[in-house]
Amino acid sequence: MSNWTPFAIVGVALVGAAIASLIEQIVTERRLAPAALVRSGVETLRHPLSRPDVRDAWLFHLAPFLLVMAAFTAVAFVPWTSGFRGIDLSAGLIGFAAALTYVTPAVFMAGWGSGRAEGVLGGFRWLALMLAYAMPIAMVTTAVAAPAGSLRPSDIVEVQHTVPMALVQPLALGLWLPAVLAVCFLPPFDLPQAEGELNGGAFSEYRGFDAALIAFAQKVLLVAASGMTAAMFFGGWNGPVLPPGLWMALKTAVVAAFLLWVGGRVPRFQTDRVLSIAWKLANPLALLAIVVSGLLTLLFYR
Amino acid sequence: MSELATALVFWPAAILMVVTGLFVFITPSMARAGLLLLASLAFAGLIFLALASEFLGLLMLLMMSGEMVIMVFFMIMFMPDPGGLMGMDMVHEKRRSATVAASIGVALAVVAILTDWPVRLAGTDAPDVRAIGFEVMGRSMVTFLFAAMTILFAMVGGVLLAKYGGRFGLGAPSGEDRGGAG
């Protein structure tokens, strides 16, 4: 980690968010219109900041910043290439999960701070959803870390130089993908905002710069989640011929496109349905994934 | 990290930890109290990170976020005035509790200053670090698991008792709205 690492991380987040927005355009609208993207961004920014009659202005205006901070921190823990590994800590995977957990208080603060029925409802839905998916995320990270014998993301990438983890642990991947899609509050897990049902929910009162921050943070979260998925399950920068950085970028883009494509084709989950599935199915399966991972580690990775 | 970087993270985090911790008891809003406690504990996690205790620091940041959010959930659910709109006060017996808190704080500070702390640095493979690891992951594991299950049962029990009809699950009297989405 050098003095330039923070700037590089911000750069990755900015470029990644732009690319993620373009991928979203292609996947959901089937067209590529960067000009329209810039126009809508400028339009959002030109809108004056909302000073609605919020109940708790502190929480309301802090929430977008906390969201952006969590997203940037999550990006910082992703090992992008062998030369640029972000914050390369020995417990980096825990750091990534920790960064993601701060999305929860941020969305709750947004909803509660707005003081509107829809906002508070969106915030509480989000709390319930988060409590349900936090455990699968933690358990899947354990399951992926066990074969590498390390919580350092770059070690996990290196242990996959022959076989990607997705082939070894498909169950863990199957639990991980919906969970990270939920962290990014993208459809079909867009319960806190729920357009057409809660009218924007937790984010209904945001205008101007605040709204732009939230949309930006959501894209950065998607970049971080896709990047970590590529690193944890698809071998990260490992690959033939092409340079490692390009491999990682390609894998990240494919994961992001897949998440957006599948998410856009599934109807929004009802809160009680998704909670029931998460607690009764996903959590026990996540425990099973740990057992499977332990067996695999003992048999093949020692 | 260099000494300067450590100091630059440590002191602001320490001061903010105390300030946010103090405001937990000043604010009348349950949502704010819970989130301020989360902020205070997150700053404690940053202090761990500044002192190069990566695993503990990150684990603290991870666990406290989840736990404090659950606490906010429970506080809003159980308190009669979750938004603090009726000016509820979190502190009772003000003078006596302030005296007790101040004297304990002074006593702890005196102990911390007067103690002859060891200066040696323990590496990751120092014998006592290994011993703690084996103790925590071995013999003491059952104790920890038991404590965790007890807390879980207490939470489930608390919800059941707070439910209308208590632990017997009585239905609401006919014609009365039970609340909820029903």
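Output the residue which, of all residues in region A:29-51 that are within 28 Å of residue A:110 (Cα to Cα) and hydrophobic (A, V, I, L, M, F, W, C), is nearest to the chain's Cα centre (by Cα).
At the first step, the residues of region A:29-51 found to be within 28 Å of residue A:110 (Cα to Cα) are A:36-51.
The next check asks that each one be hydrophobic (A, V, I, L, M, F, W, C); those that pass are A:36-38, A:42, A:45, A:49.
On the way: A:36: 25, A:37: 21, A:38: 23, A:42: 25, A:45: 24, A:49: 26 Å.
This residue is A:37.
Between residues in region A:217-238 that are over 14 Å from residue A:181 (Cβ atoms) and residues that are in a helix (DSSP H, G or I) and charged (D, E, K, R), which pairs lie under 7 Å by C-beta distance while being six or more apart or on different chains?
Cβ pairs passing all conditions: A:230/A:251; A:234/A:251.
Among the listed residues A:15, A:42, A:38, which satisfies the condition of being free of Cβ contacts under 8 Å to residues at least 12 places away in the same chain and more than 29 Å from residue A:228 (Cβ to Cβ)? So that I can check it myself, show each step before the final result.
Details: A:15 fails: more than 29 Å from residue A:228 (Cβ to Cβ); A:38 fails: more than 29 Å from residue A:228 (Cβ to Cβ).
Only one candidate passes the filter, namely A:42.
Check whether at least one residue in region A:149-165 is surrounded by fewer than 22 Cβ atoms within 10 Å (Cβ to Cβ), in a helix (DSSP H, G or I) and hydrophobic (A, V, I, L, M, F, W, C), and report yes or no.
No: region A:149-165 contains no residue that is surrounded by fewer than 22 Cβ atoms within 10 Å (Cβ to Cβ), in a helix (DSSP H, G or I) and hydrophobic (A, V, I, L, M, F, W, C).
Criterion first (acidic (Asp, Glu), within 14 Å of chain A (Cβ to nearest Cβ), under 30 Å from residue A:139 (Cβ atoms) and within 15 Å of the chain's Cα centre (by Cα)) does residue B:54 satisfy it?
On the way: acidic (Asp, Glu): yes; within 14 Å of chain A (Cβ to nearest Cβ): yes; under 30 Å from residue A:139 (Cβ atoms): yes; within 15 Å of the chain's Cα centre (by Cα): no.
Here the answer is no, as residue B:54 does not meet what is asked.
List pairs: first residue in region A:281-302 and under 15 Å from residue A:137 (Cα atoms), second residue among the hydroxyl-bearing types (Ser, Thr, Tyr) anywhere in the structure, Cβ distance under 6 angstrom, at least six positions apart or on different chains.
Sorted first by the residue in region A:281-302, then by its partner, the pairs are A:290/A:142.
Test residue A:248 against the criterion of being in contact (Cβ under 8 Å) with a residue 60 or more places away in the chain, more than 20 Å from residue A:170 (Cβ to Cβ) and either out of contact with any Leu (no Cβ under 8 Å at 6 or more places or on another chain) or not in a helix (DSSP H, G or I) (or both), and give yes or no.
yes
With A:181, A:198, A:186 as the choices, which residue is within 14 Å of chain B (Cβ to nearest Cβ) and touching a Gly at 6+ places or on another chain (Cβ under 6 Å)? Break it down stepwise before answering.
Numbers: A:181 fails: within 14 Å of chain B (Cβ to nearest Cβ); A:186 fails: within 14 Å of chain B (Cβ to nearest Cβ).
Among A:181, A:198, A:186, only A:198 is within 14 Å of chain B (Cβ to nearest Cβ) and touching a Gly at 6+ places or on another chain (Cβ under 6 Å).
Scan region A:75-85 residue by residue and report those that are within 14 Å of chain B (Cβ to nearest Cβ) and either hydroxyl-bearing (Ser, Thr, Tyr) or not in a helix (DSSP H, G or I) (or both).
Once the filter is applied, which keeps residues that are within 14 Å of chain B (Cβ to nearest Cβ) and either hydroxyl-bearing (Ser, Thr, Tyr) or not in a helix (DSSP H, G or I) (or both), region A:75-85 yields only A:77.
Among the residues in region B:67-76, are any in a loop (DSSP other than H, G, I, E, B), farther than 30 Å from residue A:92 by Cβ, touching a residue at least 24 places away in the same chain (Cβ under 8 Å) and more than 11 Å from every other protein chain (Cβ to nearest Cβ)? Before you say what the answer is, go through the steps one by one.
Our first condition is that a residue be in a loop (DSSP other than H, G, I, E, B); within region B:67-76, this holds for none.
No.
Evaluate the following for residue B:35: is it surrounded by 15 or more Cβ atoms within 10 Å (Cβ to Cβ) and either without any contact (Cβ under 8 Å) to a residue 24 or more places away in the chain or not in a helix (DSSP H, G or I) (or both)? Quick ask: steps written out before the conclusion?
Details: surrounded by 15 or more Cβ atoms within 10 Å (Cβ to Cβ): yes; either without any contact (Cβ under 8 Å) to a residue 24 or more places away in the chain or not in a helix (DSSP H, G or I) (or both): no.
For residue B:35, the condition - surrounded by 15 or more Cβ atoms within 10 Å (Cβ to Cβ) and either without any contact (Cβ under 8 Å) to a residue 24 or more places away in the chain or not in a helix (DSSP H, G or I) (or both) - is not met.
Taking only region A:86-102 into account, find how many residues are within 17 Å of residue A:16 (Cβ to Cβ), in a helix (DSSP H, G or I) and not aromatic (Phe, Trp, Tyr).
Just the residues of region A:86-102 that are within 17 Å of residue A:16 (Cβ to Cβ), to begin with: A:86-87, A:96, A:99-100.
Applying the additional criterion that residues be in a helix (DSSP H, G or I) yields A:96, A:99-100.
With not aromatic (Phe, Trp, Tyr) added as a condition, the list becomes A:99-100.
The total comes to 2.
Condition check: modelled with pLDDT of 90 or more and surrounded by 15 or more Cβ atoms within 10 Å (Cβ to Cβ). Does residue B:60 satisfy that? Don't jump to the end; show me each part of the working.
Details: modelled with pLDDT of 90 or more: yes; surrounded by 15 or more Cβ atoms within 10 Å (Cβ to Cβ): yes.
When the stated conditions are applied, residue B:60 passes them.
Please determine whether any residue of region B:149-159 is of a type outside the set (Asp, Glu), on the phi < 0 side of the Ramachandran plot and modelled with pLDDT under 80. Steps first, please.
Quick first cut of region B:149-159, residues of a type outside the set (Asp, Glu) only: B:149-159.
Checking which are on the phi < 0 side of the Ramachandran plot leaves us with B:149-159.
Keeping just the survivors that are modelled with pLDDT under 80 gives B:159.
There is at least one residue in region B:149-159 that is of a type outside the set (Asp, Glu), on the phi < 0 side of the Ramachandran plot and modelled with pLDDT under 80.
Here is a yes/no grid of residues against (1) within 9 Å of chain B (Cβ to nearest Cβ); (2) surrounded by 24 or more Cβ atoms within 10 Å (Cβ to Cβ):
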site	(1), (2)
A:99	yes, yes
A:109	yes, yes
A:115	yes, no
A:119	no, yes
A:124	yes, no
A:129	no, no
A:137	no, no
A:143	no, yes
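Which residue, of B:6, B:27, is over 30 Å from residue B:159 (Cα atoms), of a type in the set (S, T, N, Q) and more than 15 Å from the chain's Cα centre (by Cα)?
Values: B:27 fails: over 30 Å from residue B:159 (Cα atoms).
Being over 30 Å from residue B:159 (Cα atoms), of a type in the set (S, T, N, Q) and more than 15 Å from the chain's Cα centre (by Cα) holds for just one of B:6, B:27, which is B:6.
All but one of (1) assigned to a helix (DSSP H, G or I); (2) at pLDDT below 85 hold for residue A:53; which doesn't?
The one condition residue A:53 does not meet is (1).
Taking residue A:90 as meeting all but one of (1) within 8 Å of another protein chain (Cβ to nearest Cβ); (2) more than 18 Å from the chain's Cα centre (by Cα); (3) closer than 17 Å to residue A:185 by Cα; (4) surrounded by fewer than 24 Cβ atoms within 10 Å (Cβ to Cβ), write down the number of the exception.
So the condition that residue A:90 fails would be (3).
The values are calculated or read from the model by the stated rules, or taken from the named source; none is laboratory data. If you're wondering where the values come from, they're calculated on a predicted model, not measured in any experiment. We place every Cβ from the backbone using ideal geometry, glycine too, and count neighbours over all the protein chains shown.
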